[in-house]
């Protein structure tokens, strides 16, 4: 797809190019962080968050992903087409993030006597990828149902007591990379049909 008629409210009248791509989206956040932040000084909270963002950002970068946004203690990450399928790079990243989170949570326990845990979700599908936002401050972004579903799925980690959840398209593309556990047919808020998700126990 490409834009044929360019019409925009920005003074430049220019609409940034965007492409329709098969992508993987990874969401990660910290369970228990709201309670943790309530009991700490704001400076300590920001220090812990930046340490967490650094630890996870290194994993995203090493697997060729892009951090699209920070949502409180959550990170929204995009994996675009490349030499290896986005689903496979995202799943490898999720496994490494899970391992890195153990060290991070142990550090928080030692320094703040607080128990934290991360939850991760990976979904794959089509999205429009391009530069989004106010014309003076655009950045790489993506739009599509794949992002909404990944965010909803990540929320379910807490109820299911899982560390990593992936949808069926991701599971099918990565069966040789990960050991899968339980499967769930779930009603996800905002969707009319159930979604099948799989628990990831670890790498193969």
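The values are calculated or read from the model by the stated rules, or taken from the named source; none is laboratory data. Quick caveat: nothing in here was measured; it's all calculated off a predicted structure. A quick note on method: Cβ atoms are made from the backbone with ideal geometry, for glycine too, and the neighbour counts reach across all protein chains shown.
Data for the structure
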quantity: Residue match in region 38-59 (condition: at pLDDT 95 or above, surrounded by fewer than 22 Cβ atoms within 10 Å (Cβ to Cβ) and under 20 Å from residue 167 (Cα atoms)); calculated: no
quantity: Any chance residue 188 is surrounded by 14 or more Cβ atoms within 10 Å (Cβ to Cβ), in contact with a strand residue (DSSP E or B) (Cβ under 7 Å, 6 or more places away or on another chain) and closer than 21 Å to residue 88 by Cβ; calculated: no
quantity: Residues that are out of contact with any helix residue (DSSP H, G or I) (no Cβ under 8 Å at 6 or more places or on another chain), part of a helix (DSSP H, G or I) and under 15 Å from residue 174 (Cα atoms), drawn from region 61-98; calculated: 86, 89, 92, 94, 95
quantity: Residue check, residue 151 at pLDDT below 95, assigned to a helix (DSSP H, G or I) and under 15 Å from the mean Cα position of the chain (by Cα); calculated: yes
quantity: Test: residue in region 37-57 that is within 30 Å of residue 177 (Cα to Cα), in a loop (DSSP other than H, G, I, E, B) and out of contact with any helix residue (DSSP H, G or I) (no Cβ under 6 Å at 6 or more places or on another chain); calculated: no
quantity: Every residue from region 75-108 that is within 25 Å of residue 145 (Cα to Cα) and surrounded by fewer than 17 Cβ atoms within 10 Å (Cβ to Cβ); calculated: 81, 82, 83, 84
quantity: Exclusive hit being touching a strand residue (DSSP E or B) at 6+ places or on another chain (Cβ under 8 Å) and in a helix (DSSP H, G or I), set 106, 101; calculated: 101
quantity: Test: residue 51 is more than 26 Å from residue 146 (Cα to Cα) and out of contact with any strand residue (DSSP E or B) (no Cβ under 8 Å at 6 or more places or on another chain); calculated: yes
quantity: Failed condition for residue 146, given (1) closer than 23 Å to residue 203 by Cβ; (2) part of a helix (DSSP H, G or I); calculated: (1)
quantity: Subset of region 109-119 that is free of Cβ contacts under 8 Å to residues at least 60 places away in the same chain and part of a helix (DSSP H, G or I) - its residue that is nearest to residue 167 (Cα to Cα); calculated: 109
